[in-house]
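Structure first, then comments.
FYI, it's all coordinate maths here, none of it is from the lab. Note that the structure is a prediction, hence the values are computed from the model and not measured. Note: ideal-geometry Cβ built from the backbone for every residue, glycine included; neighbour counts use all protein chains shown.
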Amino acid sequence: MGERLVIRNVGLMLSGRMEEPILDADCILAVDGRIKAIGRAADIDAEGATVVDAQGVTLAPGLIDSHVHPVVGDYTPRQQQVNWIDSTLHGGVTTMISAGEVHMPGRPKDIVGLKAMAIAAQRWYENFRPSGVKVLAGAPVLEHGMVEQDFKDLAEAGVTLLGEVGLGSVKDGKTGRQMVDWARKYGIQSTIHTGGPSIPGSGLVDADMVLETGTDVIGHINGGHSALPDDQIKCLCESCRAGLEIVHN
Ligand SMILES: [Zn+2]
């Protein structure tokens with residue numbers, strides 16, 4: 001029959017879907033960790049289940065943080081912080097997407113080295129979920145000298161993401177465009193830094209470079225550190241078909 005969990009007396013049940021954000025439900029049944037039924041308590045069989053009384057709180061799907069910089073395990077050296085993924089879970093985030101493992105001390109910038117690290121990072125977090133949080137990692141940062149075969153190799157090894165364009169040595173739209181096109185050809189999603197430099201080695205990425213590079217996602221368009229001027233943000237919002245990443249705090 002499986003391990004059954006019922007959460008009832010939910011005040012507000014959110015679906016996570018734009019079409020129908022609020023569900024007509026106050027009770028949820030999970031069997032072996034998977035949701036099996038959502039509805040009214042009277043309609044859900046709670047027999048043999050562990051029952052949790054939510055006491056009227058809101059229940060929502062886990063949040064997705066679309067922009068993190070993981071390194072190894074639940075540790076990030078840039079902020080000298082342990083358990084930062086676990087802490088983020090307390091804010092409701094259950095999935096994280098890497099925008100590049102750029103905080104790795106001694107990050108390799110040669111092609112073989114950066115590919116090896118991306119593949120390793122993808123594996124680390126595939127095999128390790130801190131406090132249950134899913135971390136989609138293995139996002140290589142573009143460096144000069146990468147060729148089409150490198151993107152093919154990465155994709156075949158399980159890499160599905162690029163780190164932010166602009167954090168590596170590729171800082172011109174033309175080279176960025178070529179590499180983003182190769183990545184896209186092999187099913188690797190791309191994103192780009194925007195605004196002023198964020199870490200040592202990064203540089204200004206303005207609206208012209210974003211438009212020329214043509215990534216799938218435009219990173220932190222409203223800033224987060226030093227944002228682009230308002231007119232450039234407006235220009236990108238009005239002229240791009242890319243996903244726009246918005247920072248909140
Ligand atoms: Zn960035």
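Charging the Cβ of each Asp and Glu at -1 and of each Lys and Arg at +1, and nothing else, the dipole of the range 122-249 about its Cα centre rounds to 380 debye.
The angle separating the long axis of helix 111-127 from the principal Cα axis of greatest extent in the chain is about 0 degrees. If r is the Cβ-Cβ distance from LYS36 to HIS103 and R0 is 30 Å, what FRET efficiency results, to the nearest 0.05? The pair LYS36/HIS103 has a calculated efficiency of 0.15.
Here, the range 4-59 yields an orientationally averaged convex hull projection of 3.7 nm² when only Cα atoms define the hull. Mind checking the angle between helix 230-239 and the chain's longest principal axis? C-alpha axes, 0 to 90 degrees, to the nearest 10. Approximately 80 degrees, to the nearest 10. For VAL52, the residues whose amide H sits under 5 Å from its own are VAL6, ILE7, ARG8, ignoring neighbours fewer than 5 places away on the same chain, with H placed 1.01 Å from N.
Pick out which of ALA41, ALA120, ALA183 has the largest mean-square fluctuation in a Gaussian network model of the chain, springs linking Cα atoms closer than 10 Å. Looking only at ALA41, ALA120, ALA183, the biggest GNM fluctuation is shown by ALA41. Charge dipole (Cα centre; +1 on Lys/Arg Cβ, -1 on Asp/Glu Cβ; no other charges) of the range 1-154 amounts to roughly 340 debye.
In percent, rounded to a whole number, the relative contact order of the chain is 12, using alpha-carbon pairs under 8 Å and six or more apart. Among MET13, MET179, MET18, what is the fewest-to-most ranking by other Cβ atoms within 10 Å? Ascending number of Cβ neighbours within 10 Å: MET18, MET13, MET179. Once the Cα atoms are used to define both axes, helix 173-185 deviates from the longest principal axis of the chain by about 50 degrees. Residue-normalised convex hull volume from the C-alpha trace of the chain: 152 Å³ per residue. Of all DSSP-defined beta bridges confined to the range 63-244, some 25% are antiparallel rather than parallel. Placing +1 on the Cβ of every Lys and Arg and -1 on the Cβ of every Asp and Glu, with nothing else charged, gives the range 4-59 a dipole about its Cα centre of roughly 160 debye.
Dipole orientation for the range 1-87: of the candidates GLN81, ALA60, LEU5, GLN81 has the Cα lying most toward the positive pole (charges on Cβ; Lys, Arg +1; Asp, Glu -1).
Beyond 12 Å, what share of the Cα-Cα pairs of the range 28-91 is found? Please give it as a whole percent. The answer is 79 percent, as a whole percent. Remark: the range 19-28, residue by residue, has Karplus-estimated 3J(HN,Hα) of 5, 9, x, 10, 9, 7, 7, 9, 8, 9 Hz, where x stands for each Gly or Pro and the curve is 6.51 cos²θ - 1.76 cosθ + 1.60 at θ = phi - 60°.
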